[in-house]
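Peer 1: Could you have a look at this structure, given as structure tokens, before my questions?
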Amino acid sequence: MNKIQSLASRSVGFLGILAIASFAAPPVVATSSWNIDPDHSTIGFKVKHMMVSTVNGNFAKFTGTVDANETDVTKSKINVSIDMASVTTGVSKRDDHLRSPDFFDVAKFPSMTYVSKSVKVVSTGKLQVTGDLTLHGVTKSVVLDVDGPTEAIKDPYGLTRRGVTTTTKINRKDFGLTYNAVLEAGGVAVGEEVSIILELELVKK
């Protein structure tokens, strides 16, 4: 074999090794991690009172992360924890009642958590996230309807931010929150269906 043939043979062998290595190497997945910014986010709820009006409340303390798979959004993960003692409705007496064993029993169940299990693309800018909601010591599968996330932007301090709006509805009795009072005129004091709304601003880690 002359020198040219030898060099050609070596080149082919080297290219073959590269080809095998490229197939063997795992694909690079673009992922990013984000924290919920509590100063620019709200986690609220709405429930009927005496069947005629709606009471709004929110939780002042919460933490959460989003691990976003930029290549395949369906592989993204969400984890949120809410301090139940931070509930506020604007009426201190009602807030104390919500913290009591009649409702949240925060001494025994201090937090509510949500851990995603799957993400589904519904349409452009709309997702459905299925996960485990743990409230009052009970865990149930709950589906979140998500608008977003928005396009990422840079704030004046160089941090990268994006936002999502998330909504869902639960029946509080499914989580053992069964307290109520029957009204003389019929009906009950507190509705069973609770709407939950999360307006979240995320900051890239």
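Any read-out appearing in this document is the output of simple, stated calculations on the displayed coordinates, not a laboratory observation. Just so it is clear, the structure is predicted and the values come from calculations on it, not from any experiment. Heads up, the Cβs are rebuilt from the backbone with ideal geometry, glycines too, and the neighbour counts pull from every protein chain shown.
Peer 1: How many nm separate the modelled label positions at ALA60 and LYS204, each set 7 Å beyond the Cα in the direction of the Cβ?
Peer 2: Each label point lies 7 Å from its Cα, and together they span 3.3 nm.
Peer 1: Would you be so kind as to identify which of VAL190, PHE103, ASN171 lies farthest towards the positive end of the dipole of region 29-204, taking Lys and Arg as +1 and Asp and Glu as -1 on Cβ and the Cα centre as origin?
Peer 2: Of VAL190, PHE103, ASN171, it is ASN171.
Peer 1: With only Lys, Arg, Asp and Glu charged, each at its Cβ (+1 for the first two, -1 for the last two), find how big the charge dipole of region 29-204 is about the Cα centre; round to the nearest 20 debye.
Peer 2: Values: 20 positive and 21 negative charges, 40 e Å.
About 200 debye.
Peer 1: Taking R0 as 41 Å, what's the FRET efficiency between TYR157 and HIS49 from their Cβ-Cβ distance, rounded to 0.05? Each step should come with its number before you reach the end.
Peer 2: Working: r = 42 Å, r/R0 = 1.02.
The computed FRET efficiency comes out at 0.45.
Peer 1: Sticking with this one: Evaluate the distance, in nm, between pseudo-label points positioned 7 Å from the Cα of TYR179 and of THR71 along their respective Cα→Cβ axes.
Peer 2: For TYR179 paired with THR71, the spin-label model returns 5.0 nm.
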